[in-house]
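J.: Can you keep this structure in mind? I'll have questions shortly.
Laboratory data are not the source of any read-out in this text; all were calculated from the coordinates shown. Just so it is clear, the structure is predicted and the values come from calculations on it, not from any experiment. Note: ideal-geometry Cβ built from the backbone for every residue, glycine included; neighbour counts use all protein chains shown.
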Amino acid sequence: MAIMSITSPASAATLNCVDKDIRTYAMSIAALVEKGIALPGPTIIGALIDSFSDGCHDFTQQEICENIAPTGTTTAPFVPHHKECVWMPGKRGANGDCINVYENRNAIALFSVAFIGIVIA
């Protein structure tokens, strides 16, 4: 809701800053700029999340991700890794993924702070 609350003041400011003859043109340019800024957002967030994975995405099997010995073995000769790696099962039979429990939090926090910094500036 907070993200959408910027639309009305931005539209009002755009309409107040231009002549009546070019208001339609100004609003269409403002909409294009707004959409142009918003489109790369998911790509940026995805890249940030991947950068915070701390190597967990390299593990493609649940046993290796969670550092668990496979059934029938008594030892786990796996490469030691960070304890923050957890296995997220896939939906509807899809393969799961090994993720870092903090990667989403870190990426969203960084993006939020950067967004607030841009808005304040």
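J.: By how many nm would the segment from Asn95 to Asp21 lengthen if fully extended, with 0.36 nm per residue of separation less the alpha-carbon distance?
T.: Full extension of this stretch gives 21.0 nm more.
J.: Could you tell me the calculated FRET efficiency between Phe111 and Met88, based on Cβ-Cβ distance and R0 = 22 angstrom, to the nearest 0.05?
T.: Given R0 = 22 Å and the Cβ-Cβ separation, E is 0.60.
J.: Taking the Cα centre of each part, how many Å lie between segment 98-119 and segment 18-32?
T.: Between the Cα centres of segment 98-119 and segment 18-32 lies a distance of 34 Å.
J.: Using the Karplus curve 6.51 cos²θ - 1.76 cosθ + 1.60 with θ = phi - 60°, what ³J(HN,Hα) values do you get for each residue of segment 18-24, in whole Hz, with x for Gly and Pro?
T.: These are the phi-based 3J(HN,Hα) values: 10, 5, 4, 5, 10, 5, 4 Hz.
J.: Here's something else I'd like to know. Quick one: 3J(HN,Hα) in Hz for segment 102-117, Karplus 6.51/-1.76/1.60 with θ = phi - 60°, rounded, Gly and Pro as x.
T.: 9, 5, 5, 4, 5, 5, 5, 4, 5, 5, 5, 5, 5, 5, 5, x
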